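For reference, the structure is listed below as structure tokens.
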Amino acid sequence: MLEDLFGGGVGESASPFGGHGGGGEADPFGGGGMERDDTFGGGGEFGRRGGAFGGEYGGAFGNEFAAEQPAEGPNNQGFQFPTAEEQRYADRAFHLLGLEVEKLSAEESERVKKLGLKGGVRIASNAGPNNATRAPWVQNGDLLVGLHASPITGLKDLYELLGRDDLQEYQPMKMYVVRRPHTESDDPFGGGFGGEERPPSRDEVISGRIYPDEKAWQATQPELEAAPLWPQVDPTKPSPAQADAASSGLAPGAVLYDGKTFDEWRGLWKQELNPERRIEAVQALGAFASNGYAEEATEAILDVAGEYDFASTAGTFGELKQEILAQLDGRRGPKAGQVAWSLTMHRYGRDPDRYQALMVRLIYGVHENNGRQDELFELAESEDKQIAGAALVRLAVLYGDDPRFPDLLDRNLQSSDPERVADGLRAIGTTKHWPQEADRALLHPNLKVQALARRVAGGLDPNRYREIAERATSLLTAAEDQADQIALCRALAALRRASTKGARGATEALIQSQDETLKYAALVATLVVTNPDVHPTASNYSRSPVFQSFAKELGVTAPVAMGRLGSPEWEAFLQRINNEIAVVQSGR
């Protein structure tokens, strides 16, 4: 199960856990954004769960693991204040979407035009109010180029679109951004391994869903300020649809959607195999769920959901799966949302194999307004580790300050089950708070848990992981167990920018070990902590006195001229160092 859990690797995103890759643009099951199948927002990696559940809802993955760093990019160079009108445009996006947006720079405009688009706006920060529940797959630096079915060419376009009086009809809104995949893996080392830089990556258009804030939208519509976002049928008065039904000779109380009754829409998805028509049927069922057919419509939607595997929302049926999730995750209205949650839980209880993945996605979709805090704590104790892990991570995102959470987290970190420990580490990655009890994960007997612990620690604020480095140095100085010495050397290498005064002495003393693994772990740790600003590859360290001294002891010599290969012994020496660097980064 561990290979499935961790997915064999480590992500490649701007967060300690990966940015694109294994899972999906923001797919809780695969990754990065929303439809690329990578949980951590990108590299994917911790398999079915780590990478597994991430993207779409972020939760513990993707953006929520990313360290909060100041935005970087062309707009930070030659800065100009926006005009008052431009700031007014940008303010609406901040309040409705939770995004700080800016004009594109000349270089960004060129990037967009190369893709055949006319313009866009730059997302400087996705850390606005409640953004974790709106579009956690969005990354700082993304270029927003489209919303719903409308291209966005600038701030004014975005402002006008968000002020439409029919905006509520398009929830959740489809969103398109231009993103350039990272050229280096943003792991604790700050880059790839092996010595070769990756070729420049190309921009790509990524799509996902975003939920505009209801109250902020209502503020743009004074005449609708007191109206609910999701219209409900007044049970004391016939709705227009009911009036039409009565005039058509239908049964009293019948409600129509696009001229069809509930039973007609309920049967349509079974007869129609075209994904687009099934999406239309699910949307119709969602409308009925909000208008008196909550249980019947939700059961019908769950029947549709049972036909698909929600481990991914990419591929041919990706749009249909996302529409199903949008109808079930509670953002369409509290009453319908509670019914959907209860019925999905019931389906999962009856048929966990079929509905587990859907249930996990709904857990990652829980937000503060759902009122499911107690239910999440109960689910976090579940024997189903997929469900428990998702609940723990979501609790960390939403309710990390709940007095019950520290004890729950500590029990996971102390568990004898590596998967539970991994869940605890992912939860830490979302809160950016590393309790001292988590230090034991750096010494965990499972090497993949060790690697995950290093990546989480390396993604923290430097002031935080400096404390971890100090404790690791003290432990290494006193350690006698060889496995612990190796693990601590690798931890110090991963925390290279927080090297302590005693770190070099502690690691250098172990270079003379007779054990090959410990010898190279100590060598790499020494090279890294003494050269913290050097991109970690063997060739980049070759001028270091420590490197040269060790090479001399081994009797290997560098090539006489630059660009030439050295002896086979020299090449093998470089490869051995690069292999150890890769282990520190990914556990492989």
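Some notes on this structure:
- Helices (runs of 4 or more DSSP H) contained in region 325-407 and holding at least 1 residues out of contact with any His (no Cβ under 8 Å at 6 or more places or on another chain) and over 23 Å from GLU299 (Cβ atoms): 373-379, 385-399
- Of the criteria (1) modelled with pLDDT of 85 or more; (2) at positive phi, which one ALA503 fails: (2)
- ALA438, sole failed condition from (1) of a type in the set (Gly, Ala, Ser); (2) without any contact (Cβ under 8 Å) to a residue 12 or more places away in the chain; (3) buried (at least 19 other Cβ atoms within 10 Å of the Cβ): (2)
- Looking across region 556-588, the residues that are at pLDDT 80 or above, of a type outside the set (Asp, Glu) and more than 30 Å from VAL449 (Cα to Cα) come down to PRO568, TRP570.
- Verdict on VAL524 being aliphatic (A, V, I, L, M), in contact with an Asp or Glu (Cβ under 8 Å, 6 or more places away or on another chain) and modelled with pLDDT of 85 or more: yes
- Among the residues examined, TYR364 does not qualify as within 24 Å of ALA284 (Cα to Cα) and not small (Gly, Ala, Ser).
- Scanning region 505-543 for residues that are basic (Lys, Arg) and either in a helix (DSSP H, G or I) or closer than 19 Å to TYR465 by Cβ (or both) turns up just one, LYS519.
- Take the conditions (1) open to solvent by less than 80 Å² (accessible area, probe 1.4 Å); (2) farther than 18 Å from ILE581 by Cα; (3) assigned to a helix (DSSP H, G or I); LEU460 misses just one of them, which is (3).
- Residue that is nearest to GLU160 (Cα to Cα) [pool: residues in region 87-99 that are out of contact with any strand residue (DSSP E or B) (no Cβ under 7 Å at 6 or more places or on another chain) and open to solvent by less than 40 Å² (accessible area, probe 1.4 Å)]: TYR89
- Odd one out for ALA340, checked against (1) without any contact (Cβ under 8 Å) to a residue 12 or more places away in the chain; (2) open to solvent by less than 10 Å² (accessible area, probe 1.4 Å): (1)
- Residue match in region 279-300 (condition: within 30 Å of the chain's Cα centre (by Cα), open to solvent by 20 Å² or more (accessible area, probe 1.4 Å) and more than 26 Å from HIS148 (Cβ to Cβ)): yes
- One residue alone among GLY267, GLY330, GLY292, GLY315 is modelled with pLDDT under 85 and farther than 23 Å from TYR364 by Cα, and that residue is GLY292.
Quick grid of which residues meet (1) at pLDDT 85 or above; (2) outside any loop (DSSP other than H, G, I, E, B); (3) more than 24 Å from the chain's Cα centre (by Cα):
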position: GLY116; (1), (2), (3): no, no, yes
position: GLY128; (1), (2), (3): no, no, no
position: GLY146; (1), (2), (3): yes, yes, no
position: ASP157; (1), (2), (3): yes, yes, yes
position: ASP165; (1), (2), (3): no, no, yes
position: THR183; (1), (2), (3): no, no, no
position: PHE193; (1), (2), (3): no, no, no
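- GLY315 vs. criteria on the phi > 0 side of the Ramachandran plot and out of contact with any Pro (no Cβ under 9 Å at 6 or more places or on another chain): yes
- Filter pass, THR313 being surrounded by 20 or more Cβ atoms within 10 Å (Cβ to Cβ), closer than 23 Å to THR261 by Cβ and β-branched (Val, Ile, Thr): no
- Residue check for ARG426: basic (Lys, Arg) and at pLDDT below 90: no
- Taken over region 528-543, the criterion of being open to solvent by less than 40 Å² (accessible area, probe 1.4 Å) and either farther than 13 Å from GLN575 by Cα or within 33 Å of the chain's Cα centre (by Cα) (or both) is satisfied by VAL528, VAL529, PRO532, PRO536, THR537, ALA538.
- Here LEU510 meets each of (1) at pLDDT 90 or above; (2) under 16 Å from PHE573 (Cα atoms) with one exception, condition (2).
The values are calculated or read from the model by the stated rules, or taken from the named source; none is laboratory data. Here the structure is a predicted model, which means the values were calculated and not measured. Cβ: placed from backbone, ideal geometry, glycine included. Neighbour counts: every protein chain shown. Protein only, heavy atoms only, side chains kept; ligands, DNA and RNA dropped before computing areas. Shrake-Rupley method; radii C 1.70, N 1.55, O 1.52, S 1.80 Å.
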